[in-house]
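Engineer: The structure's right below; bear with me while I get my questions together.
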Amino acid sequence: MENVIVLIVATSVLVLIPGPNVALIVANGLRHGLKLGLITAFGTTAGLTLQLFLVIAGMATIIEMAASALLWIKWFGVAYLLYLGIKTWNETDGDLNEIPEESKSCVFWRGFALAVINPKTLLFNAAFLPQFVASAESATGQLMLLAAVYLMVVIIGDALWAFFASSARRFFARIQHLRNKVTGGFVFGAAAGLALSRTNSHG
């Protein structure tokens, strides 16, 4: 039980440190509101879940191979995020309510892809979660429990980031000329975080 509490505390601290996943959540929350901010968070959490599956399955060789492949794939993700950032930055000002809402599936899968192609979180989680296993016996079962706790803390923390962005959206309704610049800036932040990703942070 003690190791679960330590995991909750450690993961909570990680969630407070914005990475590419959080930057995209905030960008979508600012641009489209709470609903799509939360959907982005669900997408990034689903991506982390897929990575954690490899960790729980103990596929050390596959993890190393996947991380190496993702180091190349992630640059396509960086380029796409830069495109989105430039597009958002250069959009003309308008009422927040007039922004066309992106499809829920598009927002979800964009968040999912960002989380999956980040080699940093894959390698980090492969080293992070096993530290909280109490004993070698039934290690897989313990890892499943720890992964569930980890994901629960992550989705709660990322949802709070979405709430924060949604609340800030009302402020930007009064300074519309900065809205697209700030939103685009967060997308650029997601691109930079992915580009610089290596081995730590929850994302």
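Every number here is computed from the coordinates shown, using simple stated rules; none is lab data. For clarity, every value in this text was computed on a predicted model and none was experimentally measured. Counting neighbours? That spans all protein chains shown, and the Cβs are built from the backbone with ideal geometry, glycine included.
Engineer: Output the peptides 2-12, 157-167, 181-191 sorted from most to least packed, where packing is the average of other Cβ atoms within 10 Å over each peptide's residues. All intermediate terms of the calculation are to be shown ahead of the outcome.
Structural biologist: Working: 2-12: 14.4, 157-167: 19.5, 181-191: 21.6.
Highest mean packing first, the order is 181-191, 157-167, 2-12.
Engineer: Kindly rank 149-155, 78-84, 28-34, 102-108 from highest to lowest mean number of other beta carbons found within 10 Å of each residue.
Structural biologist: The most tightly packed comes first, giving 28-34, 149-155, 78-84, 102-108.
Engineer: What nm value, rounded to one decimal, do you get for the distance between F163 and S68 when each label is placed 7 Å out toward the C-beta?
Structural biologist: With each label placed 7 Å out from Cα toward Cβ, I get 4.4 nm.
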